[in-house]
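First comes the structure, then the notes that go with it.
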Amino acid sequence: MTVPLLQLPPDKLEQYRQTALRRQKTRVAKVKARMEKGWKLAKKAAKMLRRQYHVKRVAVFGSLLHESRFTQWSDVDMAAWGIPPEQTFRAIGAVMDLDPSLAINLVDVNTCSTALLKAIAQEAVDI
């Protein structure tokens, strides 16, 4: 039988609150760790794109830039300038293969929509 929260005895209500706080701290810690992993992965991807595909500029945009928007399901959104057209799919695949536990979405600014390019221009952070 379920007891309404307001009818719990004070000791049970405190136990409930403490459990909820522990769970929240655990969730926050996991998201923070995922965000840190996302930044490390983005830097690794940028280095690889510069070395192997000779891109001129690499930037991060999207939820990775906003701690309040980044969640346990967030991915890493990156944009690259200067990927040779014949290398675009190979570069996207190489970035995607860096870590299967955290997706990277690489946008080639030469082929993306005008609306996406505008969004990237507004918030992109070069790495």
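The values are calculated or read from the model by the stated rules, or taken from the named source; none is laboratory data. Here the structure is a predicted model, which means the values were calculated and not measured. So basically every Cβ, Gly included, is an ideal-geometry build from the backbone, and we count neighbours across all protein chains shown. Please note that ligands, DNA and RNA were not included when accessible areas were found on the heavy atoms of the full protein model with its side chains. Shrake-Rupley method; radii C 1.70, N 1.55, O 1.52, S 1.80 Å.
Points worth noting:
- Normalising the average separation of contacting C-alpha pairs (under 8 angstrom, six or more residues apart) by the number of residues puts the relative contact order of the chain at 25 percent.
- Sorting 32, 25 by accessible area puts them as 25, 32; the probe is 1.4 Å, largest comes first, and only protein heavy atoms count.
- The mean accessible area for residues of the chain, using a 1.4 Å probe and ignoring ligands and nucleic acids, is 68 Å² per residue.
- Relative contact order of region 53-127, taken over Cα pairs closer than 8 Å and 6 or more residues apart, is 39 percent.
- DSSP-loop trypsin sites (Lys or Arg not before Pro) across region 47-92, with at most 16 other Cβ within 10 angstrom: 56, 69
- Just so you know, the Rg over Rh for region 1-88 is 1.32, from Cα atoms, with Rh as the Kirkwood radius.
- DSSP bridge orientation in region 26-124 - percent antiparallel, rounded to nearest 5: 50
- Gyration tensor (alpha-carbon) shape descriptor, region 50-127, a/c threshold 1.5: oblate
- Surface listing: 123, 36 arranged by accessible area from highest to lowest gives 36, 123, probe 1.4 Å.
- Whole-percent carbon and sulfur share, accessible surface of region 48-127, 1.4 Å: 55
- Using a Gaussian network model of the chain in which every pair of alpha carbons under 10 angstrom is joined by a spring, one finds that among 18, 87, 52 the greatest mean-square fluctuation is at 18.
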